[in-house]
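Asker: Quick one: the structure is below, questions incoming.
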Amino acid sequence: MNEKTLEVLQIIEGNGRVTVETLAKMVDLSEDEVKAILKKLEQEKVILSYSAVIDWSKVERQEGVTAVIDVKVTPQRGVGFDEVAERIYRFPEVKALYLMSGAYDLSVVIEGKTMSEIARFVSEKLSTIDTVISTTTHFQLKKYKHDGVVFDQGEEDQRIVVTP
């Protein structure tokens, strides 16, 4: 991958809304060249999605519940963790799934409307998979930072700087 393509990726990772015109100026290429780079990256599945980070606590709607579930599984001969991971990530509730080192094998991030809904997911869907040995569920209480974006930074310091 050439340096200009890497520059394009770094810029859009920080701001997915940057226009092709602005992007072209930033990397010193023509708009057509930038469009071609973006199209190629999308076709090659390097760029998977353009998304926004939203602070849902500031929107008038019922907030949901986010949970991180640590899962211990028995790896399967020939496929390791991949087959069980695929079964898990196909559930619509699953927002992210990671293979981990340490005491647990997989870390599953899910969203639901209530804690009961998450409990049902764990008891009726996740724990019924043959290779799942155990789970530990952690509920997210507050989001401080997500995808590099800080949430609710609080009031700006109103104190006046005094120097001697």
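No value in this document is a laboratory result; all are computed from the given coordinates. What you are looking at is a predicted structure, and each value in this text was computed from that prediction instead of being measured. When we count neighbours, we look across all protein chains shown, and the Cβ atoms used for this are built from the backbone with ideal geometry, even at glycine.
Asker: Quick one: how many lysine pairs does the chain have with C-alpha atoms less than 19 Å apart and a gap of 8 or more or different chains? Give me the count, please.
Answerer: 23
Asker: In region 73-152, what is the volume of the convex hull around the alpha carbon atoms, normalised per residue and reported in Å³?
Answerer: Convex hull of Cα atoms, per residue: 117 Å³.
Asker: Here's a follow-up. Checking understanding here: applying a Kyte-Doolittle mean of at least 0.0 and a length along the axis of at least 15 Å (C-alpha), which whole DSSP H helices in the chain pass?
Answerer: 3-14
Asker: Report the FRET efficiency, 1/(1 + (r/R0)^6), for Lys58 and Lys25, where r is their Cβ-Cβ distance and R0 is 30 Å, rounded to 0.05.
Answerer: Once the sixth-power term is evaluated, E becomes 0.35.
Asker: Give the range of the longest stretch in the chain that excludes all chymotrypsin sites (Phe, Trp or Tyr not before Pro) found in loop regions by DSSP and having at most 12 other beta-carbon atoms within 10 Å.
Answerer: By the stated rule (loop sites, at most 12 other Cβ atoms within 10 Å), 51-143.
Asker: Give the Debye-formula value of log10 I(q)/I(0) at each listed q (0.09 Å⁻¹), with one equal scatterer per alpha carbon of region 1-147, two decimals each.
Answerer: Ignoring solvent entirely, the Cα scatterers give -0.44.
Asker: In vacuo Debye scattering of region 3-43, one point per C-alpha: log10 I(q)/I(0) at q = 0.20, 0.21, 0.28 Å⁻¹?
Answerer: Calculated log10 I(q)/I(0) at the listed q: -0.49, -0.54, -1.01.
Asker: Continuing with the same structure: Suppose each label sits 7 Å from its Cα in the direction of the beta carbon; what would the Val150-Glu86 distance come out to in nanometres?
Answerer: Once both label points are built, they end up 4.3 nm from each other.
Asker: Next up: Within 10 Å of each residue's Cβ, count the other Cβ atoms and sort Thr66, Thr74, Thr163 from fewest upward.
Answerer: By the 10 Å Cβ count, ascending, the order reads Thr163, Thr74, Thr66.
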